[in-house]
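Visitor: Sharing a structure below in structure tokens format, with a few things to ask.
Quick note: the coordinates plus some simple rules give every number you see, no bench work behind them. Values in this document were obtained by computation on a predicted structure and should not be read as measured data. Backbone-built Cβ (ideal geometry, glycine too); neighbour counts: all protein chains shown.
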Amino acid sequence: MASVGFRIMGIEIRSSVLEMLRCGHSHFHEPGLNEMLAQGMEDGLLEWRHEIPRGCEASVYIITVGTPLGQGGEVRLDMIERVTREIARRAKPGSLVILRSTVMVGTTRNLVLPILEETGAGLQVAFCPERTIEGQALRELRQLPQIVGASDLQTIMRATQIFQFLTSTIVRVGSFETAEMIKLIDNVQRDVLFALANEVSLMCDAIGISADEVVRSGKLGYVRHVVPLPGPVGGPCLSKDSYILAQGVAKAGVVPEIALTSRKLNEQQLRGVAETLRNWTDRLTGFPKKPVITLLGLAFKGRPATDDIRGTTAKPILDALRIAYPTAEFRGFDAVVAAHDISGFGIASVDSLEDGFRGANLVLILNNHPVFENLPLSRLARLMCAPGIIYDMWHHYKAQELRLPPAIGYAALGSHSTARLPIAPGANY
């Protein structure tokens, strides 16, 4: 918004993040963002505060705080409420408040609106969801249609005028609830489709065929085949939005069974990987009681690249591996995630792929970052301890085409039938 001429005041309560922003650095990875921050401050259009100051001259307030799940799986709206009350104390009459956070259906009308109406200041409220993909957000903010939902035409038109500075396509809907539902369905439908892909992988492993071949071959020349390749499904949105949807519509007596079943399937898949690996290594003579296990790719996704570990599937996979291998030593490597964030998982951070493979008994590729697509596996596998297994959650390679040492195996999610398992003295394969 600063890049198109708006004067922006950013409010951030975390002192460490605030200090980084004042130095022109974002606290997360997004291509081109640091350059844009620096330019905005150089132009005098960006400033940062710990709270909304008294006498603030802003006429538009945009709420972008997170809506994580609590310990019991309930949707937390305390941050939305706290920010809304701060705006209510500071906003001048007639200001526009735009909510962009992902919320339960009904949150804008039943939580945000009443707090703002109590001020008697005639504040306008709109729900305008943010729908970008991490790693290409700056481009998508200028390209994607912007949903604008409000309860009156005047507010819709005012919000439309603002967002037309960013994108040429505005989709106006007639209620807060419609806009809230659109954001949730955008993410839930992706979770459902990924769940179908992961169910395909379970079926293919069970009957002894390759899910990779089923999906890739089915797509050739057939546009109605839209099933993606199997893989871990997580992130700050997909890991929670089905539950946010369910809690919102529960008040209307509805249970979104497809959405919830899909989410559970995507979560359960991760535990099955650890059980499969344990079954294989139990049958392999010479596999140590205290193995070294390396996890490659701790961010929730690798393409587009991000350092975001919120909702990452690396955490439940690590938890399942710790149960399967309670005495193991764990290491982690990621092309983008900082070493201190990797250490936050309770594992040792390594600086290079070579260090990750060196001395490892199990190496798991957990995300689809481009760095994992063309690994010199023949060389890296020779750094591992034999017998060992490379397990690929994203099927970057074909087992039959790899030239690995005999005592190092390779297997991919959904293609266990084509796995190249270790050939070592005493192995029962």
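Visitor: Using the alpha carbons of the chain, what is the convex hull volume per residue in cubic angstrom, as a whole number?
Guide: It is 157 Å³ per residue.
Visitor: Report, in debye and to the nearest 20, how large the dipole of the stretch 2-169 comes out about its Cα centre when Lys and Arg carry +1 and Asp and Glu carry -1 on their Cβ.
Guide: Charge dipole, the stretch 2-169, about its Cα centre: 280 debye, nearest 20.
Visitor: Need one word for the stretch 209-290: rounded, prolate or oblate. Basis is the Cα gyration tensor (sqrt eigenvalues a ≥ b ≥ c); a/c below 1.5 gives rounded, then a/b vs b/c decides.
Guide: oblate
Visitor: For a Förster distance of 30 Å, can you work out the FRET efficiency between the beta-carbons of R224 and V255, rounded to the nearest 0.05?
Guide: 0.55
Visitor: May I pose another question? Whole Å is fine, so just give me how far the alpha carbon centre of the stretch 4-25 lies from that of the stretch 27-83.
Guide: Each part's Cα centre sits 8 Å from the other's.
Visitor: Among 212-220, 242-250, what's the highest-first ranking by average C-beta atoms within 10 angstrom per residue?
Guide: By packing density, highest mean first, the sequence is 242-250, 212-220.
Visitor: Could you order the peptides 65-77, 102-114, 336-348, 358-370 from most to least packed, using the average number of other C-beta atoms within 10 Å per residue?
Guide: Per-residue Cβ counts within 10 Å, averaged per peptide and sorted highest first, yield 358-370, 102-114, 336-348, 65-77.
Visitor: A 25 angstrom limit on the alpha carbon distance is what I want to check against. Which of K219/K240; K264/K301; K92/K240 exceed it?
Guide: Checking Cα-Cα distances, K219/K240; K92/K240 exceed 25 Å.
Visitor: Any chance you could tell me what percent of the C-alpha pair distances in the stretch 2-169 go past 28 Å?
Guide: 22 percent
Visitor: Which helices, counted as full DSSP H runs in the chain, have an axial Cα extent of no less than 30 Å and a Kyte-Doolittle average of 0.0 or above?
Guide: Qualifying helices: 176-207.
Visitor: In the stretch 270-418, what percentage of the DSSP-assigned beta bridges are antiparallel, given to the nearest 5?
Guide: Antiparallel bridges: around 0 percent, rounded to the nearest 5.
Visitor: Report, for the stretch 2-169, the % of DSSP beta bridges that are antiparallel, rounded to 5.
Guide: 15 percent
Visitor: Towards the positive end of the charge dipole of the chain, with charges on Cβ (+1 Lys, Arg; -1 Asp, Glu), say which of I13, A348, T64 has the farthest Cα.
Guide: The residue sitting farthest along the positive end of the dipole is A348.
Visitor: Would you list which aspartates and glutamates come within 19 Å of K290, measuring only between C-alpha atoms, while excluding same-chain residues fewer than 8 positions from it?
Guide: E275, D282, D319, E329, D355
Visitor: Could you work out [θ]222 nm for the chain from helices alone, using -39500 (n - 2.57) per DSSP H run of at least four and dividing by all its residues? Round to the nearest 500 deg cm²/dmol.
Guide: -11000 deg cm²/dmol
Visitor: How many percent of DSSP beta bridges within the chain run antiparallel, rounded to 5?
Guide: Taking every DSSP beta bridge with both residues in the chain, the antiparallel ones total about 10 percent.
Visitor: Could you work out the local net charge near V233, counting Lys and Arg as +1, Asp and Glu as -1, over the other residues with Cβ closer than 9 Å to its Cβ?
Guide: 0
Visitor: Spin-label point model (7 Å from Cα, Cβ direction): what's the E47 to S417 distance in nm?
Guide: Modelled inter-label distance: 6.6 nm.
Visitor: Another question, if that's okay. Pop a pseudo-label 7 angstrom from the Cα along the beta-carbon direction at both L111 and R283 and give the gap in nm to one decimal.
Guide: In this crude label model, L111 to R283 measures out at 5.0 nm.
Visitor: Identify, among V215, S242, H225, the residue whose Cα sits farthest towards the positive end of the charge dipole of the stretch 182-263, taking +1 on the Cβ of Lys and Arg and -1 on the Cβ of Asp and Glu, with the dipole about the Cα centre.
Guide: Of V215, S242, H225, it is S242.
Visitor: Excluding R303 itself, what net charge comes from residues whose Cβ is under 11 Å from its Cβ, given Lys and Arg +1 and Asp and Glu -1?
Guide: Here the charged neighbours net out to -1.
Visitor: What does the charge count near A324 come to, summing +1 for each Lys or Arg and -1 for each Asp or Glu among other residues with Cβ under 12 Å from its Cβ?
Guide: That works out to 0.
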